[in-house]
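The structure appears below as structure tokens.
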Protein chains: 2
Amino acid sequence: MNDDELRARFSRPAFEAAVDAASASLADGGVPIGSALERGGRLLATGHNQRVQQGDPTAHGEIDCLRQAGRIGSYAGTILHTTLAPCAMCAGAIVQFGITDVVVGESRTFPGELNWLRGRGVTVLVLDDDRCAQLMTQFQERFPHVWAEDIGTLPDES
Amino acid sequence: MNDDELRARFSRPAFEAAVDAASASLADGGVPIGSALERGGRLLATGHNQRVQQGDPTAHGEIDCLRQAGRIGSYAGTILHTTLAPCAMCAGAIVQFGITDVVVGESRTFPGELNWLRGRGVTVLVLDDDRCAQLMTQFQERFPHVWAEDIGTLPDES
């Protein structure tokens, strides 16, 4: 769908489920990024970053959500909701799985790969949601080292 | 490192570990793509596609390998070896985690995102290894539906 269609049709409950997942992750001392996959009004799965909780560096919010959804076959008609602009890995997953519509909470605290996604034909709606930005700001201030680890910007200490 | 340096210095044992992981996955009825992460002559982790074995669509070979490696901090100095050209998700993970050197078994059976990787500053060495291509050809002929699922090209049946 195009930008206006996505703005009109995206799922507010699915987005709220993503925000709730991000909040739950922060409460556990984890990276507060949550995601939710929806199709036709049905919530297929939610997930959140599991780097701290599971010690899994690949479990960004979007990846964890797609993992929770399992083998759903075609992703046609799905909308992925995520609280933060997707990084290169998560943007790549979106493109590879053929997810064409993405709702992003905010891109103030991390720019992500929004331009690359759009260049690959994905419609991206950025809500600029204050709650999402506050979750990330709290986390980045409290745990700057974990945040640097999560986006691959740790200094080389080898 | 540049192309010549990577060709001279990549780890043959790590590449063989990736091929072994791919073969083991095929023996289990899974997608035969394996990976190995190495640094300074030390094998940090291996992994293989787990879509069939774990029902996890995000567990491509490279992602499984990075998951097995766990939270290693900076990826500086690591070389990721993988039997097949990385898809968009796995290429994105490589870029996001700051892995700058990748050894690819083959890109005949799937082109992957090699040009994109190179454009993002990653040195990519393609070995054009017959065994890797044969593993993929066997799998694609026996399980075309699972292969289409793995690279997001299933038809929409909703």
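The values are calculated or read from the model by the stated rules, or taken from the named source; none is laboratory data. As the structure is a computational prediction, the values presented were derived from the model and not from experiment. Here the Cβ positions follow ideal geometry from the backbone for every residue, glycine too, while neighbour counts run over all protein chains shown. Ligands, DNA and RNA are excluded from the accessible area calculation, which covers all protein heavy atoms including side chains. Shrake-Rupley method; radii C 1.70, N 1.55, O 1.52, S 1.80 Å.
Screening B:Ala18 on (1) over 17 Å from B:Phe139 (Cβ atoms); (2) part of a helix (DSSP H, G or I) shows it passes everything except condition (1).
Restricted to region A:110-149, and to residues that are surrounded by 15 or more Cβ atoms within 10 Å (Cβ to Cβ), under 14 Å from the mean Cα position of the chain (by Cα) and closer than 30 Å to B:Gly112 by Cα, which residue is nearest to the other protein chains (Cβ to nearest Cβ)? Checking each candidate, the answer is A:Glu113. Being in contact with a Ser or Thr (Cβ under 9 Å, 6 or more places away or on another chain), buried (at least 24 other Cβ atoms within 10 Å of the Cβ) and modelled with pLDDT of 95 or more narrows it down to one of B:Ala59, B:Ala45, so name that one. Step by step, each of B:Ala59, B:Ala45 is checked, and only B:Ala59 is in contact with a Ser or Thr (Cβ under 9 Å, 6 or more places away or on another chain), buried (at least 24 other Cβ atoms within 10 Å of the Cβ) and modelled with pLDDT of 95 or more. Looking across region B:76-97, the residues that are open to solvent by 10 Å² or more (accessible area, probe 1.4 Å) and touching a helix residue (DSSP H, G or I) at 6+ places or on another chain (Cβ under 6 Å) come down to B:Val95, B:Gln96.
For region B:119-145, filtering for residues that are β-branched (Val, Ile, Thr) and either over 28 Å from B:Phe97 (Cα atoms) or modelled with pLDDT under 95 (or both) leaves 1.
Condition first: within 20 Å of A:Ala93 (Cα to Cα) and not hydrophobic (A, V, I, L, M, F, W, C). Now tell me which residues in region A:118-148 satisfy that. Even if it seems obvious, please write down each step before you answer.
Just the residues of region A:118-148 that are within 20 Å of A:Ala93 (Cα to Cα), to begin with: A:118-126.
Hits for region A:118-148 are A:Arg118, A:Gly119, A:Arg120, A:Gly121, A:Thr123.
Going by the structure shown, is A:Asp101 closer than 18 Å to B:Gly152 by Cβ, of a type outside the set (A, V, I, L, M, F, W, C) and in contact with a helix residue (DSSP H, G or I) (Cβ under 7 Å, 6 or more places away or on another chain)? Here the answer is yes, as A:Asp101 does meet what is asked. Please tell me if A:Glu106 is under 20 Å from A:Arg9 (Cα atoms) and without any contact (Cβ under 8 Å) to a residue 40 or more places away in the chain. Judged against the criteria, A:Glu106 is a match. Screening B:Thr100 against (1) buried (at least 18 other Cβ atoms within 10 Å of the Cβ); (2) touching a strand residue (DSSP E or B) at 6+ places or on another chain (Cβ under 6 Å); (3) of a type in the set (Val, Ile, Thr) leaves a single unmet condition, (2). Scanning region A:1-42 for residues that are open to solvent by 20 Å² or more (accessible area, probe 1.4 Å), free of Cβ contacts under 8 Å to residues at least 60 places away in the same chain and hydrophobic (A, V, I, L, M, F, W, C), we see that the one that is nearest to A:Leu84 (Cα to Cα) is A:Ala24. Taken together, the residues in region B:57-109 that are within 9 Å of chain A (Cβ to nearest Cβ) and among the polar types (S, T, N, Q) amount to 3. Checking A:Gln54 against (1) surrounded by fewer than 17 Cβ atoms within 10 Å (Cβ to Cβ); (2) farther than 14 Å from A:Asp150 by Cα; (3) in contact with a helix residue (DSSP H, G or I) (Cβ under 9 Å, 6 or more places away or on another chain), only one condition comes out false. Which one? Exception for A:Gln54: condition (2). Taking region B:103-158 and the helices (runs of 4 or more DSSP H) fully enclosed by it, the elements with 1 or more residues that are touching a Ser or Thr at 6+ places or on another chain (Cβ under 8 Å) and within 18 Å of A:Gly73 (Cα to Cα) are at B:130-142.
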